[in-house]
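First up is the structure itself, then whatever we jot down about it.
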Amino acid sequence: MKIGFVDFWTGFDPKNNFFFHSLNKLGIRFKVVKPKKADVLFFSCFGNQNLEFTDAKKIFFLSEDFNLENFNFDYSISHVPTSTENSSSFRLPLWKMYLDWFNVNTYTNPEYLIPLEYIDRNNEFNRIPKNDFCSIVYSSEYFFRDKYIDLVSSYKDIDVFGKNKYENLLPEGEYYKLQKLSNYKFSLAMENEISKGYLCEKLIHAKIAGNIPLFYGDDYAKIDFNPNSFIHITDFDDESLLNKIKEIDSDKSLYNDIYNEPLFDSTPNIDGFLDFLNGVIKN
């Protein structure tokens with residue numbers, strides 16, 4: 001079988017990515033070819049070249065908060081929740097692509113994958129003493145980030161990193177981000193949007209680094225993750241949120257209770273996705 005990839009993000013490697021390794025895991029015999037020669041074409045939302053190819057079976061991966069209805073595909077993989085009756089779409093939140101399901105260490109982009117054994121919190125990042133209060137890493141400017149940075153900073157200063165107006169850059173790569181986060185008790189882990197099912201790496205990076213995440217994002221986080229392991233900041237009005245942070249920060253026992261909550265209620269897996277992909281390829 002001939003597999004192609006097109007319209008993915010910068011740094012995407014056609015021979016080292018989540019879908020490539022998923023196909024190998026399933027034992028499917030295939031080779032990666034140019035898109036125009038593909039029997040099965042995986043495409044994403046970072047271009048329109050896929051429109052040139054009409055003969056292949058087309059599998060769309062939506063990694064951004066866009067409307068699925070704006071794209072033409074045979075099958076879709078996205079953050080959007082689906083019904084059990086919909087056999088052509090599968091929910092695969094982006095955070096799952098930051099875990100090292102296949103023991104490959106890197107997909108080039110992302111350059112660092114979280115080892116599965118790090119999920120139990122016994123890892124190189126959360127063993128680092130948490131001597132600093134709170135940080136945030138981001139690159140996209142949104143008003144709600146400024147709002148919560150200002151709110152939390154009214155209690156104690158927040159350290160802000162990333163490609164943003166504060167110009168406090170980190171070395172490129174997820175590993176250096178986790179290293180930096182690991183010095184802090186809290187992290188503002190804020191999605192770019194609140195959209196049904198849309199969950200990226202923000203929350204898992206904060207938790208793996210040993211922070212208590214102050215999370216801004218969709219309520220689906222309470223389904224994907226253990227809701228007791230983070231503070232969902234939109235559950236509070238501003239005054240109540242600030243009081244909650246102060247309470248946790250000043251009460252070591254309470255802090256440790258939340259800190260020690262596991263990220264997941266049960267061990268995560270990609271079994272459902274592999275079943276879906278196997279069915280798509282063989283259909």
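The values are calculated or read from the model by the stated rules, or taken from the named source; none is laboratory data. Please read all numbers here as calculations on a predicted model, not as lab measurements. Counting neighbours? That spans all protein chains shown, and the Cβs are built from the backbone with ideal geometry, glycine included.
Among the listed residues PHE8, PHE42, PHE66, identify the single one that is in the same structural domain as LEU277 (by TED's automatic domain parsing), part of a strand (DSSP E or B), under 27 Å from GLU172 (Cβ atoms) and not basic (Lys, Arg).
Of PHE8, PHE42, PHE66, the one residue that is in the same structural domain as LEU277 (by TED's automatic domain parsing), part of a strand (DSSP E or B), under 27 Å from GLU172 (Cβ atoms) and not basic (Lys, Arg) is PHE42.
In segment 252-269, which residues are within 21 Å of the chain's Cα centre (by Cα) and either more than 16 Å from GLY210 (Cβ to Cβ) or among the aromatic types (Phe, Trp, Tyr) (or both)?
TYR259, PHE264, ASP265, SER266, THR267, PRO268, ASN269
If you go through segment 192-226 one residue at a time, how many are of a type in the set (D, E, K, R), in a loop (DSSP other than H, G, I, E, B) and surrounded by 21 or more Cβ atoms within 10 Å (Cβ to Cβ)?
2
Taking the condition farther than 30 Å from PHE61 by Cα and among the acidic types (Asp, Glu), does ASP120 pass?
So ASP120 does not fit the description; no.
Answer yes or no: is there a residue in segment 169-180 that is surrounded by fewer than 21 Cβ atoms within 10 Å (Cβ to Cβ), outside any loop (DSSP other than H, G, I, E, B) and either in contact (Cβ under 8 Å) with a residue 60 or more places away in the chain or in the same structural domain as LEU23 (by TED's automatic domain parsing) (or both).
yes
How many of the residues making up segment 248-283 are assigned to a loop (DSSP other than H, G, I, E, B) and not hydrophobic (A, V, I, L, M, F, W, C)?
Of the residues in that region, 10 qualify.
Please work out which residue is surrounded by the fewest Cβ atoms within 10 Å (Cβ to Cβ), limiting yourself to segment 1-49 and to residues that are of a type in the set (Asp, Glu) and more than 15 Å from LEU277 (Cα to Cα).
ASP13
Based on this model, can you work out whether ILE245 counts as on the phi < 0 side of the Ramachandran plot, outside any loop (DSSP other than H, G, I, E, B) and of a type in the set (A, V, I, L, M, F, W, C)?
yes
Only one of (1) within 19 Å of the chain's Cα centre (by Cα); (2) not in a loop (DSSP other than H, G, I, E, B) is not met by ILE59, so which one is it?
Of everything listed in (1) within 19 Å of the chain's Cα centre (by Cα); (2) not in a loop (DSSP other than H, G, I, E, B), ILE59 misses just condition (1).
What's the number of the only condition in (1) among the β-branched types (Val, Ile, Thr); (2) touching a Cys at 6+ places or on another chain (Cβ under 7 Å); (3) in contact (Cβ under 8 Å) with a residue 60 or more places away in the chain that ILE208 fails to meet?
(2)
Given the condition assigned by TED's automatic domain parsing to the domain that holds PHE225 and under 20 Å from the mean Cα position of the chain (by Cα), answer yes or no: does some residue in segment 148-156 qualify?
No, segment 148-156 has no match at all.
Out of TYR184, TYR220, TYR198, TYR138, which single residue is modelled with pLDDT under 90 and hydroxyl-bearing (Ser, Thr, Tyr)?
One residue alone meets the criteria, TYR138.
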